[in-house]
């Protein structure tokens, strides 16, 4: 869940994007954006749809897919693809972080590494200004490691 400042910035960014593209400002688009702002972790379309329905607000899956595409194009939401799992999304206002991806079970864990973020932010590239970074670290999670050890002992 994000604070009011981040939510207002997301609303302003969507309003500016829709205006620039000459698209309508529909209540459904802003309701979906509000629900995205409430998500505190990566989410997929099905999870977003269920969360909106749970609030008693009905929108079609097509509207959610189309709105997520708009939010991604407007750089309000980032799309991640972790292995063969469905596309996962997150609000862009979240600070840079790493994604630890288990190659065995597919679990994804977010980790903040201030030292690495400071290092990357401090890098200067010729004729290029970076705005954010994504880092995926693939390996085996602790639960799978324990499971593998138990299987070897049997």
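The values are calculated or read from the model by the stated rules, or taken from the named source; none is laboratory data. For clarity, every value in this text was computed on a predicted model and none was experimentally measured. All Cβ positions, glycine included, derive from the backbone under ideal geometry; neighbour counts span all protein chains shown.
Which residues, taken from the stretch 58-98, are part of a strand (DSSP E or B), surrounded by 17 or more Cβ atoms within 10 Å (Cβ to Cβ) and within 11 Å of the chain's Cα centre (by Cα)? Can you show your working first?
Keep residues of the stretch 58-98 that are part of a strand (DSSP E or B), which gives 77-80, 88-91, 98.
In the following step, the residues that additionally are surrounded by 17 or more Cβ atoms within 10 Å (Cβ to Cβ) were identified as 77, 88-91, 98.
Of everything in the stretch 58-98, those that are part of a strand (DSSP E or B), surrounded by 17 or more Cβ atoms within 10 Å (Cβ to Cβ) and within 11 Å of the chain's Cα centre (by Cα) turn out to be 77, 88, 89, 90, 91.
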Residues in the stretch 108-132 that are part of a loop (DSSP other than H, G, I, E, B) and buried (at least 16 other Cβ atoms within 10 Å of the Cβ): how many?
0
Quick check, is residue 55 under 18 Å from the mean Cα position of the chain (by Cα) and not assigned by TED's automatic domain parsing to the domain that holds residue 103?
no
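The rows are residues; the columns are (1) modelled with pLDDT of 85 or more; (2) in the same structural domain as residue 49 (by TED's automatic domain parsing).
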site: 71; (1), (2): yes, yes
site: 88; (1), (2): yes, yes
site: 104; (1), (2): yes, no
site: 111; (1), (2): yes, no
site: 117; (1), (2): no, no
site: 121; (1), (2): no, no
Which condition number in (1) under 24 Å from residue 6 (Cα atoms); (2) assigned by TED's automatic domain parsing to the domain that holds residue 21; (3) without any contact (Cβ under 8 Å) to a residue 40 or more places away in the chain is the one that residue 61 fails?
(1)
Restricting attention to the stretch 1-53, report how many residues are in contact with a helix residue (DSSP H, G or I) (Cβ under 6 Å, 6 or more places away or on another chain), part of a loop (DSSP other than H, G, I, E, B) and modelled with pLDDT of 95 or more.
1
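Can you tell me how many residues within the stretch 140-154 are part of a loop (DSSP other than H, G, I, E, B) and within 22 Å of residue 81 (Cα to Cα)? Spell out how you get there, then give the answer.
Step one: list which residues in the stretch 140-154 are part of a loop (DSSP other than H, G, I, E, B), which gives 140-141, 154.
Narrowing the set further to residues that are within 22 Å of residue 81 (Cα to Cα) leaves 140-141.
Of the residues in the stretch 140-154, 2 are part of a loop (DSSP other than H, G, I, E, B) and within 22 Å of residue 81 (Cα to Cα).
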Yes or no: residue 137 part of a strand (DSSP E or B), touching a strand residue (DSSP E or B) at 6+ places or on another chain (Cβ under 7 Å) and under 19 Å from residue 44 (Cβ atoms)?
no
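Conditions tested, residue by residue: (1) touching a residue at least 40 places away in the same chain (Cβ under 8 Å); (2) under 18 Å from residue 42 (Cβ atoms).
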| site | (1), (2) |
| --- | --- |
| 100 | yes, yes |
| 107 | no, yes |
| 116 | no, no |
| 119 | no, no |
| 124 | no, no |
| 130 | no, no |
| 133 | no, yes |
| 151 | no, no |
